[in-house]
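One structure is given below, encoded as structure tokens.
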Amino acid sequence: MLGLKRNYIQNDMKKSDLPMYMKKLILILTALAGIVACSDRHYWKGADIGWATEYEADGQYFYNKDGERRECSELMKELGLDALRFRVWVDPSKHGNWNGREDLLVKASRARDLGMAIMIDFHYSDFWADPKKQNIPAAWSGKSYEEIRELLAEHTRDVLQMLKDNGIKPRWVQVGNETSNGFLWTVRGDQWGDPVPDSLGRVTILESVGHLRNNPQQYAGLFAAGYDAVKSVFPKAEVIVHLDNGFDQALYDSNLDTLAKYGARWDMIGMSLYPYWALDSGLETDEEEAITHCIENINHVWEKYRTPVMLVETGFEVDESRPEVMEKGRDQLRRIIRESRATGHCRGIFYWEPECRPDRYKLGAFGSDGRPTAIMDGFDE
């Protein structure tokens with residue numbers, strides 16, 4: 001192709017046109033170089049399997065398609081994945097101590113032994129943290145912003161140092177989980193921490209230390225403390241800011257602009273993308289459109305912030321009575337991998353809790369027999 005282009009230049013161009021054609025040639029060569037660079041960049045395929053050890057304790061096991069029993073991490077690798085993600089709670093003693101430090105060490109050690117890349121997801125809560133709740137750990141409640149900032153940094157350093165002392169080196173670390181509305185703010189909630197609205201549908205925020213709307217500068221300051229703590233233990237680890245609804249460009253602009261305004265830094269943007277929930281919540285009118293908008297947002301945040309993206313959570317419905325549902329999930333997973341990789345700005349994708357059986361979580365990727373469904377074939381893309 002380049003030879004034909006060179007002959008065209010030599011035979012049909014006027015000497016005065018040469019600079020313009022040379023510019024075009026340079027553009028072609030630059031584009032080709034970019035294509036090569038993108039094709040050489042590794043695209044990670046991973047899973048968050050934080051429930052794995054709890055399942056094992058309950059006597060639930062995992063099997064490959066041939067019915068052969070496998071440890072969950074081992075099975076993920078057998079299915080073609082090369083990365084695992086694990087969440088960390090501050091003090092989960094009221095919740096079986098799952099996702100605490102000892103439980104994390106068990107799961108991360110397995111990933112290390114299998115040679116899989118590791119992502120650590122700090123929730124900075126004693127239990128689940130998400131856009132609707134980011135409850136402050138009980139031991140930190142009532143503390144000042146400055147005190148909580150130091151406690152966050154100390155907790156981050158301690159957990160990562162524990163991993164380092166055991167020969168575990170995370171490639172990525174999330175400072176917060178789905179911090180779309182900030183983090184380290186407490187709502188009036190039920191026993192699970194979920195918000196309980198009053199008779200008028202209003203949610204009461206009891207402590208708003210790191211709430212995005214109420215205390216944007218403190219949100220950025222807390223994130224910065226987490227960033228610095230990560231780098232103090234693992235200087236080369238990539239720090240992720242993780243938001244939900246990857247299809248919502250305005251959400252990302254608002255949150256990331258706030259962090260940037262107050263001097264917070266990040267290395268990578270983490271997105272959650274659940275086409276099923278996007279449609280179910282009414283935020284999108286079509287699952288395929290949710291995917292389209294997320295791909296557009298990947299390009300958008302790259303152009304605006306020059307920061308690569310990782311799809312750190314996704315999932316698709318399992319309905320064993322309707323095989324076509326899992327086939328649709330497989331095809332959507334393939335599409336997301338194909339199109340996000342083609343942007344050149346997305347570094348990979350993680351399925352959230354694929355090992356879950358449908359009676360516990362309907363967006364897992366395994367059947368009631370503990371075997372992978374057709375959804376997991378999407379990782380073949």
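Overview of results
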{"read-out": "In segment 255-264, the residues that are assigned to a helix (DSSP H, G or I) and surrounded by fewer than 17 Cβ atoms within 10 Å (Cβ to Cβ)", "value": "D257, A260, K261"}
{"read-out": "Any hit, segment 52-64, residues being part of a strand (DSSP E or B), among the charged types (D, E, K, R) and more than 13 Å from V106 (Cα to Cα)", "value": "no"}
{"read-out": "Subset of segment 65-90 (residues that are assigned to a loop (DSSP other than H, G, I, E, B) and either β-branched (V, I, T) or in contact with a helix residue (DSSP H, G or I) (Cβ under 6 Å, 6 or more places away or on another chain) (or both))", "value": "L79, G80, V90"}
{"read-out": "Residue match in segment 128-149 (condition: under 17 Å from E238 (Cα atoms) and modelled with pLDDT of 95 or more)", "value": "no"}
{"read-out": "Output for segment 272-304, where each listed residue is part of a loop (DSSP other than H, G, I, E, B) and free of Cβ contacts under 8 Å to residues at least 60 places away in the same chain", "value": "S281, G282, L283, E284, T285, D286"}
{"read-out": "Residue ID - surrounded by the fewest Cβ atoms within 10 Å (Cβ to Cβ), chosen from residues in segment 165-218 that are under 25 Å from V312 (Cβ atoms) and of a type in the set (S, T, Y)", "value": "S180"}
{"read-out": "Residues located in segment 305-341, provided they are assigned to a loop (DSSP other than H, G, I, E, B), closer than 16 Å to E288 by Cβ and hydrophobic (A, V, I, L, M, F, W, C)", "value": "F316"}
{"read-out": "Condition check for V318: closer than 28 Å to G50 by Cβ, surrounded by fewer than 21 Cβ atoms within 10 Å (Cβ to Cβ) and among the aliphatic types (A, V, I, L, M)", "value": "no"}
{"read-out": "Positions within segment 321-331 being of a type outside the set (A, V, I, L, M, F, W, C) and either touching a residue at least 60 places away in the same chain (Cβ under 8 Å) or buried (at least 22 other Cβ atoms within 10 Å of the Cβ) (or both), in sequence order", "value": "G329"}
{"read-out": "Cβ-Cβ under 6 Å pairs, at least 6 apart or on other chains, segment 341-352 side under 18 Å from N177 (Cβ atoms), far side in a loop (DSSP other than H, G, I, E, B) and modelled with pLDDT of 95 or more", "value": "G348/Y43; W352/G315"}
{"read-out": "Selection from segment 175-210 of residues that are closer than 23 Å to A153 by Cα and of a type in the set (F, W, Y)", "value": "F183, W185"}
{"read-out": "Flag if I349 is buried (at least 24 other Cβ atoms within 10 Å of the Cβ) and in contact with a strand residue (DSSP E or B) (Cβ under 8 Å, 6 or more places away or on another chain)", "value": "yes"}
{"read-out": "Residue ID - farthest from L163 (Cα to Cα), chosen from residues in segment 102-142 that are surrounded by 20 or more Cβ atoms within 10 Å (Cβ to Cβ), touching a strand residue (DSSP E or B) at 6+ places or on another chain (Cβ under 9 Å) and acidic (D, E)", "value": "D121"}
{"read-out": "Cβ-Cβ under 6 Å pairs, at least 6 apart or on other chains, segment 67-96 side surrounded by fewer than 16 Cβ atoms within 10 Å (Cβ to Cβ), far side in a strand (DSSP E or B)", "value": "R69/Y63"}
{"read-out": "S125 vs. criteria touching a Phe, Trp or Tyr at 6+ places or on another chain (Cβ under 8 Å) and of a type in the set (G, A, S)", "value": "yes"}
{"read-out": "Among (1) farther than 17 Å from H345 by Cβ; (2) more than 15 Å from the chain's Cα centre (by Cα); (3) not basic (K, R) - the single one Y274 does not satisfy", "value": "(2)"}
{"read-out": "Residues of segment 342-381 satisfying the condition of being among the hydroxyl-bearing types (S, T, Y) and in a helix (DSSP H, G or I)", "value": "T343"}
{"read-out": "Any hit, segment 355-369, residues being touching a residue at least 60 places away in the same chain (Cβ under 8 Å), surrounded by fewer than 21 Cβ atoms within 10 Å (Cβ to Cβ) and on the phi > 0 side of the Ramachandran plot", "value": "no"}
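Per-residue answers, yes or no, for (1) modelled with pLDDT of 95 or more; (2) under 20 Å from V241 (Cβ atoms); (3) of a type in the set (K, R); (4) touching a strand residue (DSSP E or B) at 6+ places or on another chain (Cβ under 6 Å):
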{"site": "Y276", "(1), (2), (3), (4)": "yes, no, no, no"}
{"site": "E287", "(1), (2), (3), (4)": "yes, no, no, no"}
{"site": "I295", "(1), (2), (3), (4)": "yes, yes, no, no"}
{"site": "E303", "(1), (2), (3), (4)": "yes, yes, no, no"}
{"site": "R306", "(1), (2), (3), (4)": "yes, yes, yes, no"}
{"site": "V325", "(1), (2), (3), (4)": "yes, no, no, no"}
{"site": "E355", "(1), (2), (3), (4)": "yes, no, no, yes"}
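The values are calculated or read from the model by the stated rules, or taken from the named source; none is laboratory data. Predicted model only: the values in this text are computed from it and were never measured. We place every Cβ from the backbone using ideal geometry, glycine too, and count neighbours over all the protein chains shown.
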